[in-house]
1. Mind checking Rg over Rh on the range 418-483, alpha carbons, Kirkwood formula for Rh?
2. In cubic angstrom, how much convex hull volume per residue do the alpha carbon atoms of the range 287-348 span?
3. Beta carbons within 10 angstrom, averaged per residue: use that to sort the peptides 26-39, 293-306, highest first.
4. Which whole number in µm²/s is D for the range 1-142 by Stokes-Einstein, with the Kirkwood Rh taken over Cα pairs at 4 °C and 1.567 mPa s?
5. Specify the inter-centroid distance of the range 262-325 and the range 149-163, based on alpha-carbon positions, in whole Å.
6. Sort the following peptides by mean Cβ neighbour count (other Cβ atoms within 10 Å, averaged over residues), highest first: 334-343, 98-107.
7. In the range 329-345, whose amide N lies under 12 Å from the spot 7 Å out along Cα-to-Cβ of residue 391? List them in ranges.
8. Taking N as the number of residues in the range 247-401, what is its Cα Rg relative to 2.2 N^0.38 Å?
C-alpha cells in the first residue's frame, strides 16, 4: 500500500511539472482538473479552470464547433486536432490536442486531455504561407512587369525598325527627287530648245502641205516627216517630265478611260495576254490626262517587254482608302492601279535603281520610261512602288489621289483647220519662230504684227490703241532671255486694256504659269511645238 501511494505521488508530480497541457473533463466538457502548464499557456491560475466548461475557454469564432467535438469523443475513443482558445489577456492560443475517452466501470466516462501549445508554430506556418503567397505574388507581378516591359521593348523595337525603314524610304525619295531636280534643269532646257526646233520643222511641214496640191507625191513624204515630229515631241514631253516646268495641267478625269486607252495601245500587236479589271465605281482623279496616260503606258510597255510569248500581264484598278499609318503615304482616298506580269522578275540588286533616270537593262532602252512614270506620278501627289519575285512575277502599284467632282468629257483631237479674222500681236524672241508664226497666222486669215520681247509688244499695243486699230488677241512667249517675258508683259497689257485676250506659249512649260495660266492673267495656252489645227482652234476659242 505504501508503494502504491508512492507511485500515485510520483504521477502527480509528473503531471504537475509536465510541459504538456493536461486536463480531465466529463462528457459535457466540465473541467475536473488541469495541470499548471494549462494555466501558464492561457494566463490563468491552475485552480481557475476547475469547475468551468471547456467551451468557455474556446475562441468565439470556434465555440459552435464544441458540440461536434463532444459527439466525436463519444463516438470515438481517441480524437485529435487543433483547438483555438482565448487566453486571459484576450489573445488567441492554438493547441494540438489528442484526447482519450476513459470508460470507468460502473461510473460515467471521463475525457483525458493531452495537448501541446503550437501557437508559435501555427503562426510561423501562417507567416510562412503568407510569405510564400507574397513571394508568389511578387514573382507574378515581376513576371507581369517583365512581360509588359518586354512587350514595350518589342513595340519600341518595331517602331524603331519602322522608323528606320520609313527614314530610309524618305531618304531614297529625297535622293531621287534631288537627282530628278538636277536632271530636270538640264532636261528642261534641252526640251525647250528642242521644241523650238520641232515647231519650225512641224510648222513648215504644215505650210508645205497646204501649198502643195493634194495629188502631189510629196504629201506622203511630208506625212512621214510630220509623224516623226510627233514622235520627237513625245520624247520631248518625257524630258519635260523631269523639268521643273513639267507640272501637270489638271482637270477631273476618268482614270478608268485613261487606263483602258493605255492598255489598248500596248496590247496591240503583242503576243502576251492582257487582262484588265476595273471597279465599276472607280473614282475620278484631278490629273493631267496626257501625263497619266504617258506614265501608265511606260509601265505597261515595261511589263509587255518583260514577258515571253504566251505570257500574261494583269491590270487591276480599284478604290482604296489609306489610313495614317501607311508608310510615307498621306491618308485619304486613292485609285490603286496594279500591273503584274509573269516575266523573269527583277534581280534584287537592281530593284532599287529601276526608277533612276537613264538606268536600263535593255540594249535599245533609253532609261527614261520608268523614271518618267515615277516623276509624273510624284507630281500628281501619288505614289509608285514595285515588288518582284525573281523568275515568278513583277508588280507595279500606282496610288493616285482620288478627286470629287464630275469627269470632264475628253474629246478626240480635231485636225480641222479653223480660219478666222482679226489683228494678232505675236511675241517671240526667236526670229525663225516669229516668221513661221506670222506665216501660219496669215494662212489662217489673221493680220499679224510681231514683237521680239515684252517691251516691244507693249509699245506696238499702245500704238495700235492710239490709232484706234486695237489687237484682238496677243500671243506671248513665256520666256525671253534678257528681256521682258510673257508674264510681266501680260500684267502690263491688262493695265492698258482689261479686256485684251492673252495667250501664253512655251516650249518649256513653267509649272505655275502653264499649269495655272488663268491665275496669271492668260485666257489660253498653246504649248510648243505648234500645229496649224491646234493654233487655229485656240484662236477660235479665244476670239469666239
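1. 0.97
2. 121
3. Top to bottom by mean Cβ count within 10 Å: 293-306, 26-39.
4. After rounding, the answer is 76 µm²/s.
5. Value for the Cα centre distance between the two parts: 38 Å.
6. Going by the mean number of other Cβ atoms within 10 Å, highest first, we get 334-343, 98-107.
7. Under cut-off, by backbone N: 344-345.
8. For the range 247-401, the normalised Cα radius of gyration comes out at 1.00.
Read the figures in this text as sums done on the coordinates, not as results from a lab. It should be emphasised that the depicted structure is a prediction, and the values quoted were computed from it without experimental measurement. All Cβ positions, even for glycine, are placed from backbone atoms using ideal geometry, and neighbour counts span all protein chains on display.
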